[in-house]
1. I need the full set of residues from region 136-170 which are open to solvent by 30 Å² or more (accessible area, probe 1.4 Å), touching a residue at least 40 places away in the same chain (Cβ under 8 Å), within 19 Å of Met233 (Cα to Cα) and not aromatic (Phe, Trp, Tyr), in order please.
2. With the structure loaded, tell me whether Asn292 is closer than 21 Å to Ser145 by Cα and in a helix (DSSP H, G or I) or whether it fails that test.
3. From the list Pro500, Pro468, Pro457, which residue is out of contact with any Gly (no Cβ under 9 Å at 6 or more places or on another chain), modelled with pLDDT of 80 or more and open to solvent by less than 100 Å² (accessible area, probe 1.4 Å)?
4. Would you say Leu246 is more than 30 Å from Pro449 (Cα to Cα), at pLDDT below 95 and open to solvent by 60 Å² or more (accessible area, probe 1.4 Å)?
5. Considering only region 389-437, state which residues are touching a residue at least 24 places away in the same chain (Cβ under 8 Å), assigned to a loop (DSSP other than H, G, I, E, B) and open to solvent by 10 Å² or more (accessible area, probe 1.4 Å).
6. Can you name the residue in region 9-59 that is modelled with pLDDT of 75 or more and of a type in the set (Ser, Thr, Tyr) and, of all such residues, is surrounded by the fewest Cβ atoms within 10 Å (Cβ to Cβ)?
7. Quick check: anything in region 196-217 open to solvent by 50 Å² or more (accessible area, probe 1.4 Å), among the polar types (S, T, N, Q) and over 21 Å from Glu316 (Cβ atoms)?
8. Going by the structure shown, is Arg302 open to solvent by 20 Å² or more (accessible area, probe 1.4 Å), of a type outside the set (Asp, Glu) and within 21 Å of Tyr176 (Cβ to Cβ)?
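The values are calculated or read from the model by the stated rules, or taken from the named source; none is laboratory data. Keep in mind it's a predicted model, so treat the numbers as computed, not measured. Heads up, the Cβs are rebuilt from the backbone with ideal geometry, glycines too, and the neighbour counts pull from every protein chain shown. Surface accessibility is based on the protein's heavy atoms, side chains included, excluding ligands, DNA and RNA. Shrake-Rupley method; radii C 1.70, N 1.55, O 1.52, S 1.80 Å.
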Amino acid sequence: MALAFLFSLLAQRVPCVGEEFDADTLKRMQQHEVYLREQMAKLLLHIEKKNTEESRVGMQALLCAVWPYWKVWSALFLTVLLLWFTWKIYKKFRAVEDSSDEESSRDEEEQQKQEEEVREEDDLFLPDTLWLSQIHRGNCDQILSLFGYLIQFCQYLVSDTSYPVPQRPIGVGSAYESWFPLEDEPVFCLLVPLLAPRGHVFHLDLGAPGELPARNPRIRVELECTCGREQEMGMQCFLHTSAEELRNQQPSLLHSLCTGSYLDVEKTARWFLVLIRNAWKCMPESATCSMNVMLLSRRSCRLQLTDINNTTVFVEIVFGVQQDRTDIFLSSQETEVAGTPSTTWTQSCAVAEAKFFQHVATHAQEDNFYLRYAQVGAHILAGHSFSTYELKTVLMHLLTANPLESWHGRYFLQRMDDTLRYLRCCVEEKRLDHFLIGNEKVPAEITLPQDFQASQPLNLLQHLAEDPDRREQVLQELEELQDQLTSLLIYQKCETSTCPTHKHAGQGGDDTQ
């Protein structure tokens, strides 16, 4: 429309070609040109404003149409954003789990490898015959439980008598310390504590003060006044009752198991043997298991138990009286001195030593490889001048000096070398200190008499200081022991499938074929 208007104006005002323009005409044409430009500018401004209004109206209409759905779009956007973050987190944790699985698998493989190495080391160093089997360890508990019930019947049989009252037995010796020297069958040793009967009191005479262990300890028996308690104790007072009235009462312990005023070891052993036989008849196990009671010596007895499967175990029983409330007993164990009077007992540390090995086993938990050192040492010491007790003393000293972690199978050669070196130093210095006497490193769980703690250490190798020729012989035997240990280890290596010689020989045979 604007263009048509413009062309119509030009057609009316522009003269034909060839006409001449005067000054007034030229002026009017210029004025019309200015006017047309102004009109054209206004027209363009109007068109632009109209288009702007139309676009604004269109945008408002579009927003009005879309605005009701903003919640849906916002929820969709947030959902997509949440899914994206979840995927990123899952991807990150998956990578962490994969890395942890790889690390755990590597740790398990390393642990299995270490366990296999430990088993190989355990099998390498000691044959099965040198190790206390699980059956023997189970027998220790079974025998202790069985004789616990047997002692209960013994207590019933002596309840109305003037004989000593046996208490629950205590396992002692190498079997109950979880090791024993190489034998056909282990001997299970039990110590039965004895309490004074009613109306009697035990007093321990330990001899000269300061002598440890006591050389000639005795158990003095004294009568106790029971006046006013006759009905409660079911007996008359031995001290203040006439002899005629005591005729109807069983005689006192002084007239049955004592020599003079002291408890006689040999009489007590014979009485205890009879008591065990009578108590066994009351046991239900007597119907399926036979017990042969024999007097091992004049001081102790040995029992042979045989079940219906002809399985035989030997149990040695010693008895004793506890020294105060400690782990030291005056026991019926054999003495090294010949011709010992029957009223002389032995000051025994067997219970305290058994508690020491229990203490070590508790701290070692399941790692009890240290016990093999005692067993292999006892095996190679057989037939030499060293006793198993001296070896056990060396082992107890080393167990308190070295951490238990260093007694594992992988350190077997090092620890055995330490044991032999320690023993050699003791022989050269002619001194091996008793572990429980004058030793500050004794565990607190072991209760010892005051004189044991305050005394000077007791030398177990005093006899070597008094006999130089014997000392030279012992040093020579130590060299032989080292050779025997080396031979034992080499023999075990050749008996195992891990022996490199056998492996190479087998490979060579295959190559030849």
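1. Of everything in region 136-170, those that are open to solvent by 30 Å² or more (accessible area, probe 1.4 Å), touching a residue at least 40 places away in the same chain (Cβ under 8 Å), within 19 Å of Met233 (Cα to Cα) and not aromatic (Phe, Trp, Tyr) turn out to be Leu157, Asp160.
2. Numbers: closer than 21 Å to Ser145 by Cα: yes; in a helix (DSSP H, G or I): no.
Spelling it out, it is not the case that Asn292 is closer than 21 Å to Ser145 by Cα and in a helix (DSSP H, G or I).
3. When all the criteria are applied, what remains is Pro468.
4. no
5. Of everything in region 389-437, those that are touching a residue at least 24 places away in the same chain (Cβ under 8 Å), assigned to a loop (DSSP other than H, G, I, E, B) and open to solvent by 10 Å² or more (accessible area, probe 1.4 Å) turn out to be His408, Lys430, Arg431, His434.
6. Ranking the qualifying residues of region 9-59, first place goes to Tyr35.
7. yes
8. yes
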